[in-house]
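The values are calculated or read from the model by the stated rules, or taken from the named source; none is laboratory data. Just so we're clear, the structure is a prediction, and the values are computed from it rather than from any experiment. Note that we place each Cβ from the backbone using ideal geometry, even for glycine, and neighbour counts take in every protein chain shown.
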Amino acid sequence: MNGSVQLSIPIFDGKNYNRWCAHMRVLYDYHELLAVVENGVTDLAENATKAQINTHREIKKKDKKALYFIHQGVNDEVFEKVVGATSSKQAWDILMTSFKGRTKSKR
């Protein structure tokens, strides 16, 4: 065994947001994406150095990877809420605003 871990992406169907969110946070942390999801990607300064440009490029790649995980981790109905999001933070915030606190089913 090579020590590699295969993590599956849980699918969010609009129910049990807090559980799904907890799973996704662990997934993001494992892939070193949590900071970009929570904080977003800052704009690059006009006079950025080559090192800053390279760092920014890597952060943007992480952002798109996290956004892909969100797309893969929701069903078709929930996907419609985030399809227009251009960053993982924006999609994450949309889901949090739409579903946080709505985990209990109506009786």
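Rundown of residues vs (1) touching an Asp or Glu at 6+ places or on another chain (Cβ under 8 Å); (2) modelled with pLDDT of 95 or more, yes/no style:
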{"residue": "Gln6", "(1), (2)": "no, no"}
{"residue": "Ile9", "(1), (2)": "no, no"}
{"residue": "Tyr30", "(1), (2)": "no, no"}
{"residue": "Leu34", "(1), (2)": "no, yes"}
{"residue": "Val41", "(1), (2)": "yes, yes"}
{"residue": "Ala51", "(1), (2)": "no, yes"}
{"residue": "Lys60", "(1), (2)": "no, yes"}
{"residue": "Val78", "(1), (2)": "yes, yes"}
{"residue": "Thr86", "(1), (2)": "no, yes"}
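Taking first residues from the stretch 52-73 that are of a type outside the set (Gly, Ala, Ser) and crowded, with 16+ Cβ neighbours inside 10 Å and partners that are assigned to a helix (DSSP H, G or I) and at pLDDT below 95, no Cβ contact under 6 Å between residues at least 6 apart in sequence or on separate chains turns up.
Within the span defined as the stretch 39-46, every residue fails to be of a type in the set (A, V, I, L, M), part of a helix (DSSP H, G or I) and free of Cβ contacts under 8 Å to residues at least 60 places away in the same chain. Of all positions in the stretch 96-103, none carries a residue that is farther than 15 Å from Lys15 by Cα and part of a helix (DSSP H, G or I).
Checking the stretch 8-22 against the condition returns a match, with at least one residue being surrounded by 13 or more Cβ atoms within 10 Å (Cβ to Cβ), in a loop (DSSP other than H, G, I, E, B) and in contact with a His (Cβ under 9 Å, 6 or more places away or on another chain). The number of residues in the stretch 5-22 that are free of Cβ contacts under 8 Å to residues at least 60 places away in the same chain and touching a strand residue (DSSP E or B) at 6+ places or on another chain (Cβ under 9 Å) comes to 1.
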